[in-house]
1. For q values of 0.24, 0.25, 0.34, 0.36 Å⁻¹, compute log₁₀ I(q)/I(0) with the Debye formula on a Cα-only model of the stretch 371-410, without solvent.
2. Lysine pairs in the chain 8 or more apart or on different chains: how many have alpha carbons under 16 angstrom apart?
3. Mind listing which chymotrypsin sites (Phe, Trp or Tyr not before Pro) in the stretch 326-358 are in a DSSP loop and have 16 or fewer other Cβ atoms within 10 Å?
4. Which one, ALA321, ALA275, ALA242, projects farthest toward the positive side of the charge dipole computed for the chain from Cβ point charges (K/R +1, D/E -1)?
5. Please state the charge dipole magnitude for the chain, taken about the Cα centre, from unit charges on C-beta atoms (+1 on K and R, -1 on D and E), reported in debye and rounded to the nearest 20.
6. Work through the residues other than LEU227 whose Cβ is under 12 Å from its Cβ and net out their charges, Lys, Arg +1 and Asp, Glu -1.
7. Quick one: Cα centre-to-centre distance for the stretch 104-171 and the stretch 208-264, in angstrom?
8. For the stretch 103-248, state what percent of all Cα-Cα pairs lands in each successive 10 Å bin, counting from 0 Å until the bin that includes the largest distance.
Amino acid sequence: MSDFSPASGLAPWQRTAAGAGLLASDGTIAATIFAEMSALASRTGAINLGQGFPDEDGPVEVLEAARQAIADGVNQYPPGTGMPVLREAIAAHQRRWYGIELDPATEVLVTAGATEALAATLLAFVDTGDEVVTFEPYYDAYAAIIARAGGVHRTVPLRWSRELGAAWRPDHDELRAAVTDRTRVILVNSPHNPTGAVLDTETLSLIVELAERHDALIVTDEVYEHLTFGAAHTPIATLPGARPRTISISSAGKTFSTTGWKIGWVTAPAELVTAVLAVKQYLTYVNGAPFQPAIATGLGLPDAVFADAAAALSAKRDLLASGLAAAGFAVSLPEAGYFVIADAAPLGYSDGAALCRELPGLVGVVGVPVAAFVHPDRQSAYSSLVRFAFCKRREVLEEAAARLAGLSAG
Ligand code: PMP
Ligand code: GLN
């Protein structure tokens, strides 16, 4: 378990960049790892398994509904909390999949992707010096927003237990030690980026118990909720005691392969939604008018559409994971999501960040170093790990695997 406070003497924007490890000692700001690696892929023509976005469109009904909405003139500001048709579809989705009953008028808020939902939520509740607990590795935006809010980011490591079928899990004693009366928010991400972990019920229950004991909020990022390959996703809000203190965040980007549309949402008790809205309405106010009814259409599609998307992705996971293993990496098989983590140490590469910069030249593939999801002071445990995205067409993954096999040959 670790904690770190925002560096003093920095301007707020520098603190934001520093939070995500993007502020260099000479004062320059680096691009996010996703932007850097996508630029590297387009510059070199390498296969981009870095930034997580699919290279195929999702359900045609969703795409067609957006075209129709534009044609129908749904092109002006939607209501500040989102269009009623989408808020109702989100509430119906939570009832259908998880048995969660929500009032679409007061307990649902549409946001500009999960990113805005996270930013508005943390800015709404985290004050200077408040602690926010996340697992580590963590999605880069968490650290940046916590730092901007003036919060203190405490982390609990997820460890790759090779005995446990290579699942990533936290140590419960370390989790207990991280949450104190100073904790304002426990920020949970399950299914998890970058490890693909789906947190087990014991861990989720412990989070609820600790949040209750220390009167902390639970903020949960569930953007990969439908992309699970074994155990189904359990929203933490369904656990006993969780609901009154939980703000649940999700997004349409992953579920419907529409990452560029940036339609996300918050579901929570009305007073928490009101607090998030107070900030959200001065970030974007609103976004994506014609995409909102289109995502409502998507959320109403039959169960088989969701199951088929997960099954197709699961096959892609297996394809890339076996390619990476054949190429000589040690691979942790993800339980969900878009990404597989591969350890390059068996191939003789101890520095995953350096390897990622060289990989286009070596074999024409781009990945992302897991170190980008870890605080700069704690990189050693993760330094030889690389995250590869498998949300790509089969032939692209087959070609990437064939190219990566060249690493051991070289
Ligand atoms: N949280 C996690 C864990 C993510 O991986 C991502 C992006 N893929 C986001 C949030 C951001 O979601 P959105 O694109 O809807 O803002
Ligand atoms: N969530 C995507 C990923 O993890 C990246 C989104 C972004 O570029 N900010 O790869």
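1. -0.81, -0.83, -1.07, -1.14
2. On the way: LYS254/LYS262; LYS254/LYS316; LYS254/LYS392; LYS262/LYS280; LYS316/LYS392.
Lysine pairs, 8 or more places apart or on different chains, close enough: 5.
3. Values: sites: PHE329, TYR338, PHE339, TYR349; in loops: PHE329, TYR338, TYR349.
Passing sites in the stretch 326-358 do not exist.
4. ALA321
5. Dipole about the Cα centre, nearest 20: 520 debye.
6. Net of charged neighbours comes to -1.
7. One Cα centre to the other: 11 Å.
8. 11, 44, 37, 8, 0
Coordinate-derived values only; no laboratory data. Values in this document were obtained by computation on a predicted structure and should not be read as measured data. Please note: Cβ atoms are built from the backbone with ideal geometry, for glycine as well, and neighbour counts cover all protein chains shown.
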